[in-house]
Every structure is written in C-alpha cells, then in structure tokens.
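Here's the structure, in structure tokens; my notes come after.
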Amino acid sequence: MKKLILLMPESSVDVDKDLTVLGKLGVMHVSPFQMAKDESINRVDARIKQLEKAISILDRYDEPHTKSNAADICDYSNLERGEILLMEKVLKTEEKRIQQKDTKLSIKHDLEWYKEWGNISIDDIEKLNRKGIWIKLYQLNDKDLKQIAKREDVYVIGKNKHMNQLALISENASESLDFNEVLMPKLECEHAKSLLSSTNAQLDELEMLLHQLHTRKSVLQDALDERNRRFDVRNIQYGGIAIDNQVRCWKGFIPEDKIDEFVQLADQYNWGYVTEDPTEEEMDEVPTLVRTSNWAKCIQPVMDFMGLVPGYKELDVSRVFMIFFTFFTGILVGDAGYGLVFLLITFLVHRKQKFVKKVEFSLIYTLSVAILFWGVLTGTYFGSEMIAELSFLKLLRVDQLASFGGDSIFIQKLMFLIGAVHLTMGHLQIAWKYINSVKAIAQLGWVSIIWGLYLIVNQMVLGVAAPDFMIWLFIGGASLIALFSKPGKNIFKGMISSLAGLPLSIINGFSDIISYIRLYAVGLSTVLMATSFNQMALGDGVSTLASGIGAALVLILGHGLNMILAAMAVLVHGVRLNMLEYAGHASVEFSGSEYTPFKLKNNQTLKSK
C-alpha cells in the first residue's frame, strides 16, 4: 500500500464530477480528515429513504392488473423533476390506499356488529338519548349474569354463542355496569353496506393505479442510483478539508499496482497528488488488502462473520484457515448421515437462491463433504451402529478411527498430532516471511519446541512414552530462539531478552496443543447424543402406529437438535483453534482494517439536467 494525498478544485461542480470519476476507478481507500457534515447530505439521505419506500411499494404490484393500462400513465422520464413527481404520486396513492383499507376494516367491523345484534337503528337510539333515555349494551356469560339478575333496568335481549346479550336502559347517562360495554356503530346498516361497496371500488382504483405506476419504476430506480451516488460522493467530499476555499484535500491509501492507473486518470483531470510510503506512525491506519487463491476465498464469509482482518504487516492466514477449518468441521460433526443432510439442504437452497454469492455455497458444499468423508472413515451414520456394520460401509471404515469400537488412544494422539502440525504451519509461515533474515532460523527453533511439547503431551495425557531425543528438541529449539530471535549488535542482550519469556511461551504452547483434544471430545459427544436419541426412539421397538409416530418425531427432533448443536460447535471450536491457537503462533492478532476503496457502482453515473 502507498499513502496518497489527493488535491482537487474546491468548486462544487468540479468536485462532484471529479469524485464521481474517482469513484468509478474505485482504487483509493479514503481516510477522512473529519466527520462528513453538511445539510446537503441530510437532504440526499432523506430523499433516498423516500425513493426506497416508493420502490418497495411498487415492488408489491409487479403482477399485471387485469384492468390496468400502462398507456394511461404519462412518461415521467420526460418531465422536469419527473422522478420526484412519480415518487410523490406513489407515496400519496399508497397513503390513500391504506386509509381506504382502514375504513374498510372499520365498516366490516360495524357490519359484523349488526350480524350479532340485529338491524338496530342508530337513529332511533340517538332519538331516545335526546329524550333522556340511555341504552348501553353488554355481553356476559351465565356466571356474570347471575350477579345482576335482580336488577330491573337490565334486559336480556338475545344470545350470541355462549354469551348473553344485555341492554341496560336508564334515565341517567352515567349509569353503567361493571363490565365492558359493547359500543354501537356510528353508521346505519344500509349506509355501511353502501359505503363498503364504494370503498371497495376506490381500493380497486388505487391498486390499479399502483399497478400502472409500477411500469415506470425504472424512473425511480435511476433516481435512487443517482441519489446514492450523490450521497457517497458528498460523504467523501466533506470528509476532506478545504484549503483557502480554493482546493480540497483528501488522504488515503492505494495499492501499489494501481498507482499507474490512478496517475493516468489524475493527469487527465488535472488533479494534484502525492504518493509515498506510510510512516511507522501511520501503520495502524493502513488498510489490509488480502489477495489469496480462489479456493481459499471460500473461508472469507467466516472471517467476515467473526470480523477477522489481519493487520497490514501480518500474515495472510486464509489458506491455512480454510484447510484446517474444513478438517475441523469434519471431525467436530463427524457423521456421514448429517453430512449428507447438509449437502442435500445446500443443494436445494442453492437451486432456489441462485442470486446468493457462489463463494458462500462453495464453503457449505466443502464443509458438508468434509463431514461426510470423516463420517465414512469413522463409520458413523446417524449414530447407528447397525448401519455402520453393513458390509459395504464397513469396508470404507478405518477401524482405529471407528466411533463404535475404535482406538480412543489412537484418535486422541491423532488430534494432538493435528494440533502440532497446525501450530508448526504458523511458525513456518513466519519463517518464510523472514526468509532473508536469521529470524527465520529462530522460527525453526519454535518448530522444534512444538514437537517436543507434542511428545510431552502424549506422555502426560495418554501415557505414551517419549523418546530419548525429546530433550534435544527443547535444547536445540531454545538455542536457536536465543541466538536468532532478536539479532542485533549486542548478542548477549538479545539472548537474555529472548530467553526471559521462553518459559511462559512453552507453557502456553503446551496448553495450545492440549486444546486440540476438544476435536475428539466434541466429535464424540455428537455421536453419543445421536446414539441416545436412537435408543429413546427405537430402544423398546415399534409395535403400534402411535409408537411409530412417536419414534419418528423423536428421531427427527433429536437429530435435528444434534445437527444444530454440532453446527454451533463448529463456529465455537473450529474457529477458535484457528483464531487463537494457530493465529497466536503465526503472530497474527487480526488487528487490521479492511481495504474498502471509494467505489461507485456501475449504474451510479453522473447525471445533469
């Protein structure tokens, strides 16, 4: 990355045009001098929200209306501020439609009241009120009715299902019962029916109009693209600083291989610029642009989800992350039946949702195959030992890895071996980074210690005797670390400094390798849970239809829950071993910020009227 200082004329027209050109190029990561504040930004943002609302309304009317005719709607693209007129038309029409819909619901509520209470004249009720006679209606159950049975001013006038319909007749307007009053409608029955008919007609007209307006939606979409361009441009514009009201300046970063392309454009538009290497004080600001193999990009959704961005000077760990995360997923879930289910679900969703990024589906396909593969090797199919013993499946199983009757010591030793290899990869990557420095030799010392720790873990945890040369792995490793970790003029000072923190680092390395036993423990728990659900469902056999249905429900719900827990374990443990244990040994703290250049979409073009 190179630091870039960019200068443009302060004129609002020139800045808007020039920043649009810069956004089309899309190579400069802008670091704002200040928070972008201007009234024009707020106005554009408000307009964007209105346009988005209008477009979302029209999206509901994409099906052609039987009575609509697009020719009846004017071409708003040829009108001055036609997009605003169209937007306001859509919003007002939708507002009227909602009002009419609310009116319709109110009328239908009144008509339902007449169905329950009969065709009572509201005018007659009001005439009685004017004469000092007040009628209030209630609905009570039999129990509540008994409480007021002795009152002479209460009359039972009907029954609605299990509720008694009562009328309280009084000469006192404030008289009431201690129950919820049933309010009378404001409209007469016939008037309500007539009004419902006219409301339905108005609703139909409004919906037909919205269908017609939908044919002009592209006008709104173009306007939204233009406002989004203005919003992006003005946020960049006012994030820069003005110099003597003549020039506006921005600071940012640009990839080295994009400088020639930028310079050519800057010379064409007479921009001023300075490119230079970032200073040590500016390293925290430098964004990270990670370019990796296409197959390793599959892990990017996981890293994005966890917010993992390596620092500018840190290693690209995506390749190792992808390989080991895939391997860990297979072990943590470890059931070929589950892997097949995940694979089928992914395939079905992928067929329906073709618009989703391919890289995300590639990751899920890869993880599903890894689960399926490890499940076949361990002979695990929905936690059923009976299925695992089928002859053609038994041939594919590795007996030492088998979930039923396998060698647990061998499996745990394999997990520690995976851990040692994983941590070794981190130190070898650092060694490659310093290939032209003696610091690379120090990393080989760490590799030696990692394998010495691996032998100690096997001895202490599994009781596997360590070979005699183990001590030399520590002696040789410590010597290389002491001599080459911090090369400088004072070799003895460097050795003392390197050795001072070595004991704590060795203890941490020991615990890091032991951490990989979680792969075995979590994978085993997945198998045990699956087996338990099978026993719950089928342990006593299936003799009746009811027991068959119950067994099916237990199997579906139980294995479904187990798959969800296994997926959560992948996020917790699979990510953790990469993010903490491996990344720690690769000296990656994920302290970086992502390279996000100022970039306008292809359909965001500068328009003038």
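The values are calculated or read from the model by the stated rules, or taken from the named source; none is laboratory data. Note that the structure is predicted; figures quoted are calculated from it, not measured. Every residue, glycine as well, gets a Cβ built from its backbone with ideal geometry; the counts of neighbours run over all protein chains shown. Remember, those area values only see protein heavy atoms, side chains included, never the ligands or the DNA or RNA. Shrake-Rupley method; radii C 1.70, N 1.55, O 1.52, S 1.80 Å.
Kindly state, to the nearest 0.05, the FRET efficiency for Glu112 paired with Ile133, given R0 = 25 Å and r defined as their beta-carbon distance. Walk me through the intermediate numbers first.
Numbers: r = 26 Å, r/R0 = 1.05.
The formula returns an efficiency of 0.45 here.
Report, to two decimal places, the Cα Rg of the stretch 454-570 normalised by 2.2 N^0.38 Å (N = number of residues). Could the numbers behind the result be given before it?
Details: Rg = 25.7 Å, N = 117, 2.2 N^0.38 = 13.4 Å.
Cα-based Rg divided by the globular estimate yields 1.91.
How large, in percent, is the carbon and sulfur part of the accessible surface of the chain at a probe radius of 1.4 Å? Working shown, then result.
Values: 19660 of 33900 Å².
Here carbon and sulfur together make up 58 percent of the probe-accessible area.
Can you work out the FRET efficiency for the pair Ile98 and Asn245, with r the C-beta to C-beta distance and R0 = 35 Å, to the nearest 0.05? Write down the numbers at each step before the final one.
Details: r = 48 Å, r/R0 = 1.38.
In this case the efficiency is close to 0.15.
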Can you give the Rg and Dmax of the stretch 363-456 based on its C-alpha atoms, in angstrom? 18.8, 58
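For the stretch 86-141, report the convex hull volume of the alpha-carbon atoms normalised per residue, in Å³, without decimals. All intermediate terms of the calculation are to be shown ahead of the outcome.
On the way: hull volume 7.1 nm³, N = 56.
Residue-normalised Cα hull volume stands at 127 Å³.
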Need one word for the stretch 303-450: rounded, prolate or oblate. Basis is the Cα gyration tensor (sqrt eigenvalues a ≥ b ≥ c); a/c below 1.5 gives rounded, then a/b vs b/c decides. oblate
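Give the calculated FRET efficiency between Ser591 and Asp62 to the nearest 0.05, with a Förster radius of 51 Å applied to their Cβ-Cβ distance. Before the final figure, lay out the partial values.
Values: r = 47 Å, r/R0 = 0.91.
That gives a FRET efficiency of 0.65.
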What is the stretch 55-199's relative contact order, in percent, from Cα pairs under 8 angstrom and six or more apart in sequence? 26 percent
What distance in nm separates the two pseudo spin-label positions at Ala149 and Asp16, each 7 Å out from Cα along the beta-carbon direction? 8.2 nm
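Fully extended, how many nm does the chain gain between Gln221 and Asp267 (0.36 nm per residue separation, minus their Cα-Cα distance)? Could the numbers behind the result be given before it?
Numbers: separation 46, 0.36 × 46 = 16.56 nm, distance 3.36 nm.
Full-extension gain reported as 13.2 nm.
Given the stretch 175-301, what whole percent of its Cα pairs are spread farther than 23 Å?
Numbers: 5679 of 8001 pairs.
Every Cα pair in the stretch 175-301 considered, those over 23 Å come to 71 percent.
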Cα convex hull of the stretch 508-609, projected area averaged across orientations, nm²: 14.2 nm²
Packing-based ranking, highest mean first, of 102-114, 447-459, 151-163, 563-575 given that Cβ atoms within 10 Å are counted: 447-459, 563-575, 102-114, 151-163
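How much length would be gained if the chain were fully extended between Leu91 and Val349, taking 0.36 nm per residue of separation minus their Cα-Cα distance, in nm to one decimal?
On the way: separation 258, 0.36 × 258 = 92.88 nm, distance 3.51 nm.
89.4 nm is the gain from fully extending Leu91 to Val349.
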If a/c stays under 1.5 just call it rounded; otherwise compare a/b with b/c (prolate if a/b is bigger, oblate if not). Do that for the stretch 378-528, with a ≥ b ≥ c from the square roots of the Cα gyration tensor eigenvalues. prolate
5 Å is the cut-off here: which amide hydrogens, built 1.01 Å from N in the peptide plane, fall below it relative to Leu600, excluding neighbours closer than 5 in sequence? Lys24, Gly26
Each label sits 7 Å from Cα toward the beta-carbon; between Asn200 and Ala546 the label points are separated, in nm, by 4.9 nm
Inter-site label distance for Leu395 and Asp260 at 7 Å from Cα along Cβ, in nm: 5.8 nm
Mind checking the angle between helix 39-59 and the chain's longest principal axis? C-alpha axes, 0 to 90 degrees, to the nearest 10. 70 degrees
Using just the C-alpha positions of the stretch 124-240 as equal point scatterers, what log10 of I(q)/I(0) does the Debye formula give at each q in 0.21, 0.22 1/Å? -1.13, -1.17
Across 20 Å bins from 0, what is the distribution of all Cα-Cα pair distances for the chain, in whole percents? 13, 27, 29, 22, 8, 1
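Given the Cα-Cα distance of Trp295 and Lys53 and 0.36 nm per residue of separation, how much length would full extension add, in nm?
Details: separation 242, 0.36 × 242 = 87.12 nm, distance 3.92 nm.
That works out to 83.2 nm of additional length.
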Sketch the reach of a paramagnetic label on Val572 as a point 7 Å from Cα along Cα-to-Cβ, and name the residues of the stretch 514-534 whose backbone nitrogen lies under 18 Å away. 515-530
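Below 8 Å between Cα atoms, with a sequence gap of 6+, how large is the relative contact order for the chain in percent?
Details: 818 pairs, mean separation 125.8, N = 609.
Relative contact order, the chain: 21 percent.
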Tell me, how many Å apart are the Cα centres for the stretch 276-341 and for the stretch 111-156? 73 Å
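To the nearest µm²/s, what D does Stokes-Einstein give for the stretch 137-191 at 20 °C and 1.002 mPa s, using the Kirkwood radius over alpha carbon pairs as Rh?
Numbers: Rh = 12.3 Å.
In µm²/s, the coefficient is 174.
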